[in-house]
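Everything on this sheet refers to the single structure shown next.
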Amino acid sequence: QVQLVESGGGLVQPGGSLGLSCAASGRIFSIYAMGWYRQAPGKQRELVATITSGDMTNYADSVKGRFTISRDNAKNTVYLGMRSLKPEDTAVYYCYANRRGVDYWGQGTQVTVSS
């Protein structure tokens, strides 16, 4: 099993910046990809960004150029830097990890972009 604990999130004004982090514990050996998904009220969960153990990244078109994902393998932690935030970025953000074909999820952290 892999446990994921998120931190960060909160309320930010449009145009502002925010950072999320997610620490993995448990059977972290052979974690391939980590990343972030989000779910807004009434919408399906969607990909935000992922990063592999080889540092290959993938971003949703809606966040390209504004969000940056990074990974510290020594700390088993993945980060998401978010800038130029928009109201439509408001959602619960979930940390994600894939290990040997199994997906693991964090409990989610709320990001609200509002004036």
Accessible area (Å², 1.4 Å probe, nearest 10) - Asp72: 50
For Tyr37, solvent-accessible area (1.4 Å; no DNA, RNA or ligand), Å²: 50
Globularity index of the chain, i.e. its alpha-carbon radius of gyration over 2.2 N^0.38 Å: 1.00
Efficiency of FRET between Arg100 and Asp72 - r from beta-carbon atoms, R0 25 angstrom, step 0.05: 0.75
Qualifying trypsin sites (Lys or Arg not before Pro) for the range 39-115 [loop in DSSP, other Cβ within 10 Å: at most 11]: Lys43, Lys64, Lys75, Arg100
Overall form of the range 1-69 per C-alpha gyration tensor (a/c, 1.5; a/b vs b/c): prolate
Potential extension, Ser7-Met56 segment - 0.36 nm per residue separation minus Cα distance: 15.3 nm
Largest to smallest accessible area among Glu46, Glu6 [probe 1.4 Å]: Glu46, Glu6
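The values are calculated or read from the model by the stated rules, or taken from the named source; none is laboratory data. None of the values given here were measured: they were computed from a predicted structure. Positions of Cβ are generated from backbone atoms using ideal geometry, with glycine treated the same way; all protein chains shown enter the neighbour counts. These area figures cover heavy atoms from the full protein model, side chains too; ligands, DNA and RNA do not enter into them. Shrake-Rupley method; radii C 1.70, N 1.55, O 1.52, S 1.80 Å.
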